[in-house]
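Chemist: Shown below is the structure under consideration.
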């Protein structure tokens, strides 16, 4: 199945208000970034293949086969987001964008292997706490323990006076548009420039990474059918 076909099925599943409620063709076309003429042609082809039901002037709904495919693709996206965030320490927003691409090139064999990996006993998996990430890669609300600070001696000394040193427990309070990071350690709040935040490494518990994934606005906006940047349909 081509990526464009998969995107039609997934977007139909995400945009509907109820399982049997049609998604207007104009809405589907707008979210996919295609013309209504192109969407109309594709929906007719998908109806012929048994994936969609097209009702003129009403919209499209998924058939049982279309529903099965859509949920299979969305399941792959969710697994990739979890894997990228928990095991590679990738920022949730970036992980969602990558998962949107990976879901279309995941074979059945890779899908099964990824699912088996994520379902393994946590004691046998790579410990997320053993893979520190920089403060620059964290999202607001992330907690952890500082492991290393690779900065100039003067900068390290200044941070230490503010309570930011290896072993300190830290919470990321906010991340600005320019990637500056506001953190809290003890009673101190400290704003770090992007270049400095990138040199401060923090071990993030797996539970915090799962929480960060749940807070991924891009992913949950997509699930709710709200405006969301998806890869263009080819």
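Yes or no, residue by residue, for (1) out of contact with any strand residue (DSSP E or B) (no Cβ under 9 Å at 6 or more places or on another chain); (2) at pLDDT 85 or above; (3) assigned by TED's automatic domain parsing to the domain that holds residue 87; (4) not in a loop (DSSP other than H, G, I, E, B):
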site: 147; (1), (2), (3), (4): no, yes, no, yes
site: 164; (1), (2), (3), (4): no, yes, no, no
site: 173; (1), (2), (3), (4): no, yes, no, yes
site: 179; (1), (2), (3), (4): yes, no, no, no
site: 196; (1), (2), (3), (4): no, yes, no, yes
site: 219; (1), (2), (3), (4): yes, no, yes, yes
site: 229; (1), (2), (3), (4): yes, no, no, no
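Chemist: Could you pull out the residue among 105, 90 that is assigned to a loop (DSSP other than H, G, I, E, B), surrounded by 19 or more Cβ atoms within 10 Å (Cβ to Cβ) and not assigned by TED's automatic domain parsing to the domain that holds residue 179?
Modeler: That would be 90, the only listed residue that is assigned to a loop (DSSP other than H, G, I, E, B), surrounded by 19 or more Cβ atoms within 10 Å (Cβ to Cβ) and not assigned by TED's automatic domain parsing to the domain that holds residue 179.
Chemist: Across region 6-26, what is the total count of residues that are surrounded by 14 or more Cβ atoms within 10 Å (Cβ to Cβ) and touching a residue at least 40 places away in the same chain (Cβ under 8 Å)?
Modeler: Residues in region 6-26 being surrounded by 14 or more Cβ atoms within 10 Å (Cβ to Cβ) and touching a residue at least 40 places away in the same chain (Cβ under 8 Å): 11 in total.
The values are calculated or read from the model by the stated rules, or taken from the named source; none is laboratory data. Please read all numbers here as calculations on a predicted model, not as lab measurements. Positions of Cβ are backbone-derived with ideal geometry, glycine not excepted, and every protein chain shown enters the neighbour counts.
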